[in-house]
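Novice: Before we start, here is the structure in question, set down as structure tokens.
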Amino acid sequence: MDKLWTPSAARIEQATITDFARGHGFAPSDYHALWRWSVDRRDVFWRALWDYAGVIGEPGDRILIDGDRMPGARWFPDASLNYAQNLLERRHSDDHDDALVFWGEDKVRRRISHADVRTTASRVAAALEAEGVKRGDRVAAYLPNMPETIIAMLGTTALGAIWSSCSPDFGVQGVVDRFGQIEPTVLFAVGGYWYNGKVIPVLDKVAAIVAKLPTVKRVVVVPYL
């Protein structure tokens, strides 16, 4: 079979995997040796990758437990990190670059920079903390795919709280069945959304959902329409 594409020498030279391989004594042309190392020394390889990727957190002393079991292997069992921190603390890039580009059908278009995402997620975290949300608490969202959904998730996980979400096209009972299991204290929702050029209002469903979720203390309605 003929190759469909081969990277140029310049592209290989600039590739991240080339930089990583060289840093650990492997020639960029010897991919097989790098792969063999990753298979034979899985613990060493993944610890090296943690450092190279600049993961913010503590990896712990144990890298791999029961590596011969699949399923059953456990990676970095003692690691401690914050998901939001690793997404928001960017390196070697312009904070004014686009982080999110949103098109809500042909009705709404927005571009949000990394700086704005970080600032707004911080405000969400502060607001949730003021509501008493802490590590291990649950925050739920009845939101479509929009920037506020991602930002609310980041604000939630920045506190160490647990995030769960579902689409606003879910029916009331489907949402209650999902969120009732985790007992959220805060619910993010929209008043409605666009679908196929039409407005789909959902505030009546939000009210019905909240009535069946007694643990919810605060509802935050995100403007979309």
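The values are calculated or read from the model by the stated rules, or taken from the named source; none is laboratory data. It should be emphasised that the depicted structure is a prediction, and the values quoted were computed from it without experimental measurement. Neighbour counts are summed over all protein chains in view; Cβ atoms, including those assigned to glycine, are modelled from backbone coordinates with ideal geometry. Side chains are part of the model used for accessible areas, which takes the heavy atoms of the whole protein and leaves out ligands, DNA and RNA. Shrake-Rupley method; radii C 1.70, N 1.55, O 1.52, S 1.80 Å.
Novice: Go through (1) surrounded by fewer than 12 Cβ atoms within 10 Å (Cβ to Cβ); (2) of a type outside the set (V, I, T); (3) within 30 Å of the chain's Cα centre (by Cα) and name the single condition S38 misses.
Specialist: S38 satisfies every listed condition except (1).
Novice: Does at least one position in segment 155-171 carry a residue that is out of contact with any helix residue (DSSP H, G or I) (no Cβ under 8 Å at 6 or more places or on another chain), at pLDDT below 95 and among the small types (G, A, S)?
Specialist: No, segment 155-171 has no match at all.
Novice: I151 - would you say it is open to solvent by 30 Å² or more (accessible area, probe 1.4 Å), touching a residue at least 24 places away in the same chain (Cβ under 8 Å) and under 30 Å from N86 (Cα atoms)?
Specialist: No, not satisfied.
Novice: Would you pick out the residues in segment 76-101 that are assigned to a strand (DSSP E or B) and within 20 Å of T157 (Cβ to Cβ)?
Specialist: Let us first name the residues in segment 76-101 that are assigned to a strand (DSSP E or B), namely 80-81, 98-101.
Listed by number, the residues that qualify are S80, L81, A99, L100.
Novice: Continuing with the same structure: Can you say whether D30 is among the acidic types (D, E) and open to solvent by less than 100 Å² (accessible area, probe 1.4 Å), as far as the supplied structure shows? Walk me through it before giving the result.
Specialist: Details: among the acidic types (D, E): yes; open to solvent by less than 100 Å² (accessible area, probe 1.4 Å): yes.
So D30 fits the description; yes.
Novice: Now for a different question. With the requirement that a residue be touching a helix residue (DSSP H, G or I) at 6+ places or on another chain (Cβ under 7 Å) and open to solvent by 70 Å² or more (accessible area, probe 1.4 Å), what does segment 41-56 give you? So that I can check it myself, show each step before the final result.
Specialist: Quick first cut of segment 41-56, residues touching a helix residue (DSSP H, G or I) at 6+ places or on another chain (Cβ under 7 Å) only: 45, 52, 55-56.
Result: Y52, single match.
Novice: Exactly one of these conditions fails for P214: (1) in a loop (DSSP other than H, G, I, E, B); (2) open to solvent by 40 Å² or more (accessible area, probe 1.4 Å); (3) touching a Pro at 6+ places or on another chain (Cβ under 8 Å). Give me its number.
Specialist: Checking P214 against (1) in a loop (DSSP other than H, G, I, E, B); (2) open to solvent by 40 Å² or more (accessible area, probe 1.4 Å); (3) touching a Pro at 6+ places or on another chain (Cβ under 8 Å), the one that fails is (3).
Novice: If D116 satisfies all but one of (1) farther than 14 Å from A152 by Cα; (2) open to solvent by 70 Å² or more (accessible area, probe 1.4 Å), what's the number of the condition it fails?
Specialist: Exception for D116: condition (1).
Novice: If D169 satisfies every condition in (1) acidic (D, E); (2) farther than 17 Å from G104 by Cβ; (3) in a loop (DSSP other than H, G, I, E, B) but one, which is the exception?
Specialist: All conditions are met except number (2).
Novice: Yes or no: segment 90-103 includes at least one residue that is in contact with an Asp or Glu (Cβ under 8 Å, 6 or more places away or on another chain), at pLDDT below 95 and not hydroxyl-bearing (S, T, Y). Full working, then the answer.
Specialist: Within segment 90-103, the subset in contact with an Asp or Glu (Cβ under 8 Å, 6 or more places away or on another chain) is 99.
Next, only the ones that are at pLDDT below 95 stay: 99.
Going one step further and asking which of them are not hydroxyl-bearing (S, T, Y), we end up with 99.
Taking every residue of segment 90-103 in turn, at least one turns out to be in contact with an Asp or Glu (Cβ under 8 Å, 6 or more places away or on another chain), at pLDDT below 95 and not hydroxyl-bearing (S, T, Y).
Novice: Might you check whether a residue that is out of contact with any Ser or Thr (no Cβ under 8 Å at 6 or more places or on another chain) and on the phi > 0 side of the Ramachandran plot occurs anywhere in segment 148-156?
Specialist: Going residue by residue through segment 148-156, those that are out of contact with any Ser or Thr (no Cβ under 8 Å at 6 or more places or on another chain) are 148, 150, 152, 154, 156.
Checking the rest, the ones that are also on the phi > 0 side of the Ramachandran plot come to none.
No; the residues of segment 148-156 include none that is out of contact with any Ser or Thr (no Cβ under 8 Å at 6 or more places or on another chain) and on the phi > 0 side of the Ramachandran plot.
Novice: Can you name the residue in segment 172-211 that is in a helix (DSSP H, G or I) and of a type in the set (D, E, K, R) and is also surrounded by the fewest Cβ atoms within 10 Å (Cβ to Cβ) among such residues? Break it down stepwise before answering.
Specialist: In the first step, residues of segment 172-211 are kept if they are in a helix (DSSP H, G or I); the result is 172-179, 203-211.
So of that shortlist, the ones also of a type in the set (D, E, K, R) come out as 177-178, 204-205.
Numbers: D177: 13, R178: 15, D204: 10, K205: 19.
Looking at residues that are in a helix (DSSP H, G or I) and of a type in the set (D, E, K, R), I get D204.
Novice: Take the residues in segment 5-30 that are β-branched (V, I, T) and within 30 Å of the chain's Cα centre (by Cα), then tell me which one is nearest to F45 (Cα to Cα).
Specialist: Within segment 5-30, the subset β-branched (V, I, T) is 6, 12, 16-18.
Those still in the list that are within 30 Å of the chain's Cα centre (by Cα) too: 12, 16-18.
Numbers: I12: 21, T16: 15, I17: 13, T18: 15 Å.
Filtering first and then ranking leaves I17.
Novice: G67 passes all but one of (1) in a loop (DSSP other than H, G, I, E, B); (2) at negative phi; (3) touching an Asp or Glu at 6+ places or on another chain (Cβ under 9 Å); (4) free of Cβ contacts under 8 Å to residues at least 24 places away in the same chain; which number fails?
Specialist: (4)
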